[in-house]
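Reading through the structure tokens given below for one structure.
Nothing in this text is a laboratory measurement; each read-out follows from the coordinates by a stated rule. Keep in mind it's a predicted model, so treat the numbers as computed, not measured. Cβ: placed from backbone, ideal geometry, glycine included. Neighbour counts: every protein chain shown.
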Amino acid sequence: MSTSSVEAVITEIASKILRKDVDLTTVNNFKELGADSLDIIQIIVKVEDRFDIELLEEDLQNIKGIKDFVAYVERRIAEKNSQ
Amino acid sequence: MSLAGKVALVTGGSRGIGKAISLKLASQGADVIINFLRRRSVAEATANEIRAKGVKVHLVKANVGEPEEIDRMFQEIEREFGRLDIFINNAASGVAKAALELDTRGWDWTMDINARAFLLCTQRAVKLMSKGGKVIAISSLGARLVWPAYSAVGVSKAALEALTRYLAIECAPLGITVNCVAPGAVESEALKLYAGDENLNKSVWQKTPAGRMVSPEDIANLVSFLCSEQASMIVGQVIVIDGGVTLAPINF
């Protein structure tokens, strides 16, 4: 799955959780979209489910923004596929 | 007390209190189904510890806050085991806010996982149980006491305890017991995360008449007893396990 399609899935998940259409390319982080900590954990859980991956707390703590998050998800998908 | 041949479901069974319960039931011979929300690698590590005890273990990833995921979990249990003997409602989550700051989403998230899931899971579990079935919910002293930022969880646990009584009376004629365990502050990762204070453990055990904090294994031992036939006349009770701290909140 390409990075752009990963971003599209995350956009779909974030839109559903935040109950509004969001454009991840226009913001730096989820908080700029009005997301609180509960929204973010729900987004993480749904992303894990959708891609059948595990996002590690120790890694998530170092994520700087949405681009970083998309790249991390992409990396975890690639790691899963290489196993 | 042997639980050989029994099938047990522990929600949130891969870490902390749930893990201790899963291991205890497995050590008594029960096959264990572990429900978990996120960390498959952690669940698999717990599953390996259980397998080493010579019983069957099955992992189910599901958010018990979502009814369709509960349905899917029980369909999987029915398909894999065909029945259930023990259901431990342990999975919990919550928003840490004062009551005056709590919004509807935080309330719903907490109530759905901590209280509604107990109702929906028990409704499905009972259909897979026969006489001798055991249902045990894990509550918290915060159902009755007031702690900072614990409003949503405390209220959800109070609902859990009330639900224990209603379910117990409806299930008793079926030969199924429903009870609840209410621990004090338990020495666990969850407490550290919630309190955000490494010194909290020390301050709690210093105030506990029994001289130490409650451990996950203490709770697992109580749950194990409630799963035994020796506890068959304990119906709809909330059993506090806190080392006496609520009886003597002030050090004498």
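Within segment B:219-250, count every residue that is assigned to a helix (DSSP H, G or I) and out of contact with any Pro (no Cβ under 8 Å at 6 or more places or on another chain). Show your work before the answer.
Filtering segment B:219-250 down to residues assigned to a helix (DSSP H, G or I) leaves B:219-226, B:229-231.
In the following step, the residues that additionally are out of contact with any Pro (no Cβ under 8 Å at 6 or more places or on another chain) were identified as B:220-226, B:229-231.
Summing the residues that are assigned to a helix (DSSP H, G or I) and out of contact with any Pro (no Cβ under 8 Å at 6 or more places or on another chain) in segment B:219-250 gives 10.
For segment A:16-41, the tally of residues that are assigned to a helix (DSSP H, G or I) and among the acidic types (Asp, Glu) stands at 2. Considering segment B:53-166, the qualifying strands (runs of 3 or more DSSP E), each wholly inside and each with 3 or more residues that are in contact (Cβ under 8 Å) with a residue 24 or more places away in the chain and crowded, with 23+ Cβ neighbours inside 10 Å, run over B:86-89, B:134-138.
When B:Ala96 is tested against (1) touching a strand residue (DSSP E or B) at 6+ places or on another chain (Cβ under 6 Å); (2) of a type in the set (Gly, Ala, Ser); (3) farther than 23 Å from B:Val178 by Cβ, exactly one condition is not met: (1).
Only one entry of A:Arg75, A:Arg50 meets the criterion of being free of Cβ contacts under 8 Å to residues at least 24 places away in the same chain and of a type in the set (Lys, Arg), and that entry is A:Arg75.
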